[in-house]
Amino acid sequence: MSLTQKLINDGNAAVDEMLVGIMAAHPEHLWRPDNAPRAVVARHGPRTGKVALVIGGGSGHEPTFLGYVGRGLADAAAIGNVFASPPPQPAVDAAMAASGGAGVLFMYGNYAGDVMNFDMAAELLEMEGIEARTVLTTDDIASAPRDQRQKRRGVAGNVFIFKAAGAASDMMMPLDEVERVARHANDRTFTMGVALSSCSLPQTRRPSFDLPIGEMEVGMGIHGEPGVRRGPLRSANDVADEIMDAILAEMKAPAGDRVAVLINSLGATPLMELYILNARIAERLKAAGLVVHKTLVGPYCTSLDMAGASITIMHLDDELQRMIDHPCDCAMFRS
Amino acid sequence: MEFSTGDLKALFGAFSQRMAAERDRLCALDGAIGDADHGIAMEQGMKAAADAARATNGTLQDVFNAAAKGFLNAVGASSGPLYATALLRAGKAAGPRGSMPSGELRAVIAAMRDGIVQRGKAEPGQKTMLDAWAPAADAAVDGRNADAIAAAARQGAEATRDMVATVGRAARLGERSLGHPDPGAVSASMLVEEICNAIKPA
């Protein structure tokens, strides 16, 4: 099998070389503590008396996670290898650098490895006298049935969920409140995706899975984990309908309610296709009587070079709308 | 036969070489039911563990502890905390000694199983690395010979083919995980084989 074509120097150095490039591009937003090359901290976010929001996870999802580090959103991120949770130390380094004496909230997608590493980090912080709590994101409705929400994985809905928690923290809410807002945001955020091609890891440069031409995988995860169903590739409208049927059935939003929408590219799918999807999604939301308060379209939570897209709907209420509208200024995201 | 700190460093070297050699095969197994990176994590982790072990002067426990820290900081992932905890428990079992009878590597295998259970909270039958470590540890505790312990690990890994994953990343697949061996169990059986080679008289 031929190797996939990538602009890299050394697959094993890809993450660290990317970080060098990011720090060179965004010095006004980001810095790294000495001896903590895998901890990225916001220049203007952390301050005394503010809850430190620390996010993190594997690399390969850029701009998730480090692109959302900045004032009004996350205070720091711990960076793992490609598709692998960071070890505890970068999470501890990130939390120590961001701590304002009001506690730390760890937020990351619900994956077994991340849970073990961040829990170890929280134990280490406790020994330093820093309180650390955790809110896992579980927005991928394809990854487990509704009555097992706590088993679901976190995917592109991260963007809205982190945004809400970051706003609460930026408003100087105490740890209890930031945690409550984070859980509330997660409870009301729903995502489902479809993959059209495999991604390939920089270390192997081989497709992570086999997806024949003409087929798509519905419910695929952001690391290429198989989804709920494989079938023939269908039109944008059919795909949007299948996903919207599933999300609307779960969300059960009464007519007149407001939503925020994220049409996310998994890496290789261009804006043209995302906007074609959004045309149908806007139509479906309107038909359901829902009011679109905000729409984001683009690569927000990717899976390396995978083709495909995910759709996230956040069911807003007054509080979440205020959090989503709160200004933020990150290296790769401003609002 | 005595098993010295030098032998332990050589064992970590053998782990590292084995994982490097099997990297692509383990990634391909992981691609069927996971995210295709298990071979990479094991290669990087065991290389870091072997480097840390080689750079350590001290007792068997010191070498295990250094390897645990090296593995964890190199990979994170799920294998990082699991193998770091396993190696710390192995260090405790080996103790602050310069060497031990090689037969006591059986206690090391059992301790690694205990560490994996403690950290991962999985049970046998859930299609994880524990399905190779648990039968190997049972055979070791029963005092079986090295070949029997290695065979128990291999059979345990092979048996995961017929299991439905209920924890870890493959759990979201449900029935679709059937028919594929768990890559974590397969790499575990390889590590057990390397330990068993060190139990055998030269």
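A single member of B:Ala53, B:Ala67, B:Ala48 is modelled with pLDDT of 95 or more and surrounded by fewer than 24 Cβ atoms within 10 Å (Cβ to Cβ), and it is B:Ala48. Counting only strands (runs of 3 or more DSSP E) that sit completely within the range A:233-334, those holding 2 or more residues that are in contact (Cβ under 8 Å) with a residue 60 or more places away in the chain and on the phi < 0 side of the Ramachandran plot correspond to A:258-265, A:308-315.
Looking at this structure, is A:Leu201 over 30 Å from A:Asp325 (Cα atoms), within 14 Å of another protein chain (Cβ to nearest Cβ) and in contact (Cβ under 8 Å) with a residue 12 or more places away in the chain? So A:Leu201 passes the test. Of all residue pairs spaced 6 or more apart or on separate chains, those with beta-carbon atoms under 8 Å, a first member in the range A:51-69 that is within 14 Å of chain B (Cβ to nearest Cβ) and a second member that is among the hydroxyl-bearing types (Ser, Thr, Tyr) and not in a loop (DSSP other than H, G, I, E, B) are A:Gly56/A:Tyr108; A:Gly57/A:Tyr108; A:Phe65/A:Tyr108. Number of residues in the range B:105-119 that are more than 11 Å from the chain's Cα centre (by Cα) and among the basic types (Lys, Arg): the value is 2.
Here A:Pro174, A:Pro207 are screened, and the one residue that is farther than 20 Å from A:Phe333 by Cα and either under 20 Å from the mean Cα position of the chain (by Cα) or away from chain B (no Cβ under 13 Å) (or both) is A:Pro174. Residues that are on the phi < 0 side of the Ramachandran plot and at pLDDT 95 or above are absent from the range A:218-230.
Can you tell me which residue in the range A:112-140 is surrounded by the most Cβ atoms within 10 Å (Cβ to Cβ), limited to those that are within 13 Å of another protein chain (Cβ to nearest Cβ) and under 22 Å from A:Ile243 (Cβ atoms)? The residue in question is A:Asp140. Taken as a whole, the condition of being closer than 22 Å to A:Ser208 by Cβ, assigned by TED's automatic domain parsing to the domain that holds A:Gly157 and in contact with a Leu (Cβ under 6 Å, 6 or more places away or on another chain) applies to A:Val82.
List pairs: first in the range A:141-161 and closer than 21 Å to A:Val297 by Cα and more than 8 Å from chain B (Cβ to nearest Cβ), second assigned to a helix (DSSP H, G or I) and of a type in the set (Asp, Glu), Cβ under 6 Å, 6+ apart or cross-chain? That search, which allows pairs on different chains as well, returns A:Ile141/A:Glu250.
Beta carbons closer than 7 Å, at least 6 apart along the sequence or on distinct chains, pair a first residue in the range B:91-114 that is assigned to a loop (DSSP other than H, G, I, E, B) with a second that is not small (Gly, Ala, Ser) for B:Gly95/B:Leu60; B:Gly95/B:Gln61; B:Pro96/B:Thr59; B:Pro96/B:Gln61; B:Arg97/B:Thr59; B:Arg97/B:Leu60; B:Gly98/B:Thr5; B:Gly98/B:Thr59.
When every residue of the range A:73-92 is checked against the conditions, at least one turns out to be out of contact with any Pro (no Cβ under 9 Å at 6 or more places or on another chain), among the hydrophobic types (A, V, I, L, M, F, W, C) and more than 14 Å from chain B (Cβ to nearest Cβ). Looking only at residues in the range B:176-197 that are within 11 Å of chain A (Cβ to nearest Cβ) and over 12 Å from the mean Cα position of the chain (by Cα), the one that is modelled with the lowest pLDDT is B:Arg176.
The values are calculated or read from the model by the stated rules, or taken from the named source; none is laboratory data. If you're wondering where the values come from, they're calculated on a predicted model, not measured in any experiment. Neighbour counts are summed over all protein chains in view; Cβ atoms, including those assigned to glycine, are modelled from backbone coordinates with ideal geometry.
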